[in-house]
1. How far is helix 141-154 tilted off the main Cα axis of the chain, in degrees rounded to 10, range 0 to 90?
2. When the dipole is taken about the Cα centre of the chain, and only Lys, Arg (+1) and Asp, Glu (-1) are charged at their Cβ, what size is it in debye, to the nearest 20?
3. Please list the non-local residues whose amide H lies under 5 Å from the amide H of Ala189, H modeled 1.01 Å from N, same-chain partners needing a gap of 5 or more.
4. Using only Cα atoms, find the angle between the long axis of helix 76-88 and the longest principal axis of the chain, and express it within 0 to 90 degrees, rounded to the nearest 10.
5. Using a probe radius of 1.4 Å on heavy atoms only, what accessible surface per residue do you get for the chain? Whole Å² is fine.
6. Computing the accessible area with a 1.4 Å probe over protein heavy atoms, can you report the carbon and sulfur percentage for the chain?
7. With n ≥ 4 as the cut-off for DSSP H runs, can you work out [θ] at 222 nm for the chain, using -39500 (n - 2.57) per run divided by the number of residues, rounded to the nearest 500?
8. Taking one equal scatterer on every alpha-carbon of segment 149-251, how large is log10 of I(q)/I(0) by Debye at q = 0.21 1/Å?
Amino acid sequence: MTARRIDGKAAAAALRERVAAGVAAFRAKAGRAPGLATVLVGEDPASAVYIRSKNRATAEAGMESFHHQLPDTISEAELLDLVGRLNADPAVDGILVQLPLPGHIDASRVIETIEPSKDVDGFHAMNAGRLATGLPAMVPCTPLGCLQMLKDELGSLSGANAVVIGRSNIVGKPMAQLLLGESATVTIAHSRTRDLPDVVRRADVVVAAVGRPEMVRGDWIKPGAIVIDVGINRVPTDDGKGRLVGDVAFDEAAEVAAAITPVPGGVGPMTIAMLMRNTLVAAHRRAGLNDPEGL
Ligand SMILES: Nc1nc2c(c(=O)[nH]1)N[C@@H](CN(C=O)c1ccc(C(=O)N[C@@H](CCC(=O)O)C(=O)O)cc1)CN2
């Protein structure tokens, strides 16, 4: 391996410490703690792990955590009703509905019901539009974490050729907007992109968010590129336990890249740290305070 391994756990721990300091300052000014409400529908084991991590991180940062565990038989109307009550609750600065939702619930209707100023996931169309037009927005946590790691590596992204593989509303599109905002030259590639390996070979920065295990091979990577792997895919192993791999063939790409995020331990931990950051930012905006600095 020649590439630097980008340590997402360390970056996330450092960010969470800065958030905790910001929370203490907010409590002194506002006389209350920022509050995050999490909603989990059903018993999906991975979602339950992520929600537990989010609620633990919220408490460790000194914020209030309000968790709502709902059965997967709940109707869409009941879930929308809960979101409405959280929208109206002054102690709640951020609302996070864990995805995926069961099939009988329309996730976009739920997201569009969240009050945009409390949308700490940054998924509401209002926030997507504000990000696209360069206005202050709540920005999705995973791309924000990726951007932080890229800036830590490169300083400036101005003029860099960046390829984002994947065009989801949650990662690919906001990632591209953030890179554009940093004056990178951005290509969004996807399943219909022709000659994808050649497109990726031109990139100084590669963000892989396709959800296909080890799809991006080492010989797609330009020597010296920075590779950010958003994929978290569980693949079978002989012992039956399975193991996590990203969307990038790590060992191959690490022979060529300048720096690369591992899976696990790369983008994932930053997603949760950025949720803490977004909740603190939402609390400031709702209290009429300037955004906290240094986050
Ligand atoms: N409402 C939301 N739902 C979902 C989001 C989201 O940002 N908002 N993202 C993903 C899941 N997710 C957070 O919710 C998430 C996924 C993975 C990790 C993480 O730290 N992964 C570890 C590995 C974990 C493991 O061993 O399984 C890592 O990469 O090191 C954090 C958050 C979908 N839903």
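The values are calculated or read from the model by the stated rules, or taken from the named source; none is laboratory data. Predicted, not measured: the structure shown is a model, and the values here were computed from it. Here the Cβ positions follow ideal geometry from the backbone for every residue, glycine too, while neighbour counts run over all protein chains shown. Note: areas computed on protein heavy atoms with side chains; ligands, DNA, RNA excluded. Shrake-Rupley method; radii C 1.70, N 1.55, O 1.52, S 1.80 Å.
1. 50
2. Working: 31 positive and 34 negative charges, 115 e Å.
So the dipole magnitude of the chain works out to roughly 560 debye.
3. When sequence neighbours closer than 5 places are left aside, the close amide H contacts are Val164, Ile165, Gly166.
4. 70
5. Details: 13480 Å² over 295 residues.
Here the residues of the chain average 46 Å² of exposed surface.
6. On the way: 6890 of 13480 Å².
Carbon and sulfur atoms account for 51 percent of the accessible area of the chain.
7. Details: 10 runs with 122 residues, N = 295.
Rounded to the nearest 500, the figure is -13000 deg cm²/dmol.
8. Ignoring solvent entirely, the Cα scatterers give -1.07.
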